[in-house]
Amino acid sequence: MLKLGLTGGIGSGKSTVAAVLESMGAQLVDADAISRATTAAGGAAIPVIAKQFGAEFVDANGALNREYMRQRVFSDPQAKKQLESIIHPLVGQAIAARTLEAQSAGARCVVYDIPLLVESGHWRKSLDRVMVVDCSEATQVRRVVARNAMPAAEVLKIIAAQASRKRRLGAADAVLSNDGISLEELTALVHEIGQQFGL
């Protein structure tokens, strides 16, 4: 079973690529979705977050107050480390369980959609190949502003907090350039690359 890591900066089109690979028969393990589930209402991280950060970091529905936490981690690197030490082990356990399920089901390829694959450092050794979805910073900003109605300055802050484009490309076994192409062209490229991974 091939373990393929998929990553890319915010607005690169990584989720679209993941969906195409899944439609080709890959088992998709979405680290972001798993992470969000741990901080949703009733999520495993919520009681620990309330205890370590305070009750105001949990909203009225019992989920993580993302706005509070975003402001806190941007201004306090120690808080970011603290939050990661709560969430990462839970995400790791869930990913391991999904991998076992895929193996039992006889999957040929598991795609791990991991936004911070390069930043985390530990991922590389447990993957067979890494595919990076790449585009220019200007394209990232344009897409995220259009999609999330977020100010460009906020998007640039997020980009600055992620691994640099050069560092991501340096970690890649395969690069999919998603700049100035249509969805149809992107899909065709993913199909081409997917075939190399046995899909």
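The values are calculated or read from the model by the stated rules, or taken from the named source; none is laboratory data. The structure displayed is predicted, hence computed values, not measured ones. Because the Cβ atoms are built from the backbone with ideal geometry, glycine has one as well, and the counts that use them run over all protein chains shown. The protein model used for the area step is the full one, side chains on, heavy atoms only, and it has no ligands, DNA or RNA in it. Shrake-Rupley method; radii C 1.70, N 1.55, O 1.52, S 1.80 Å.
Summary of values
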{"quantity": "Estimated FRET transfer efficiency when R0 is 41 angstrom, pair GLN195-SER120 (beta carbons, to 0.05)", "calculated": "0.90"}
{"quantity": "Qualifying trypsin sites (Lys or Arg not before Pro) in segment 1-60, DSSP loop, other Cβ atoms within 10 Å at most 16", "calculated": "none"}
{"quantity": "Within the accessible area of the chain (1.4 Å probe), percent carbon and sulfur", "calculated": "54"}
{"quantity": "Charge dipole (segment 10-103, unit charges on Cβ, about Cα centre) - positive-most of ASN61, GLN93, ALA79", "calculated": "ALA79"}
{"quantity": "Theoretical ellipticity at 222 nm over the chain - DSSP helices of four or more residues, -39500 (n - 2.57) apiece, nearest 500", "calculated": "-16500 deg cm²/dmol"}
{"quantity": "Charge sum, other residues only, whose C-beta stays under 12 Å from MET150's C-beta, Lys/Arg counted +1 and Asp/Glu -1", "calculated": "+4"}
{"quantity": "Radius 10 Å from Cβ of ALA102, net charge of other residues (Lys, Arg +1; Asp, Glu -1)", "calculated": "+2"}
{"quantity": "Candidate lysines for bridging to LYS14, where Cα separation is under 22 Å - those fewer than 8 sequence places away on the same chain excluded", "calculated": "LYS3, LYS125, LYS157, LYS166"}
{"quantity": "Among (i) 30; (ii) 39; (iii) 27, the entry derived from the coordinates for percent of Cα pairs over 28 Å apart", "calculated": "(i)"}
{"quantity": "Global geometry of segment 111-199, whether rounded, prolate or oblate, following the gyration tensor of its Cα atoms and the 1.5 cut on a/c", "calculated": "oblate"}
{"quantity": "Cα centre as origin, Lys/Arg/Asp/Glu Cβ charges: the chain dipole, Debye", "calculated": "500"}
{"quantity": "Total formal charge among the other residues, if their Cβ is under 12 angstrom from that of GLU185, Lys/Arg +1 and Asp/Glu -1", "calculated": "-3"}
{"quantity": "Mean accessible surface per residue for the chain, computed with a 1.4 Å probe while every protein chain stays in place, in Å²", "calculated": "52"}
{"quantity": "FRET efficiency, ALA41 to TYR68 (Cβ-Cβ, R0 25 Å, nearest 0.05)", "calculated": "0.95"}
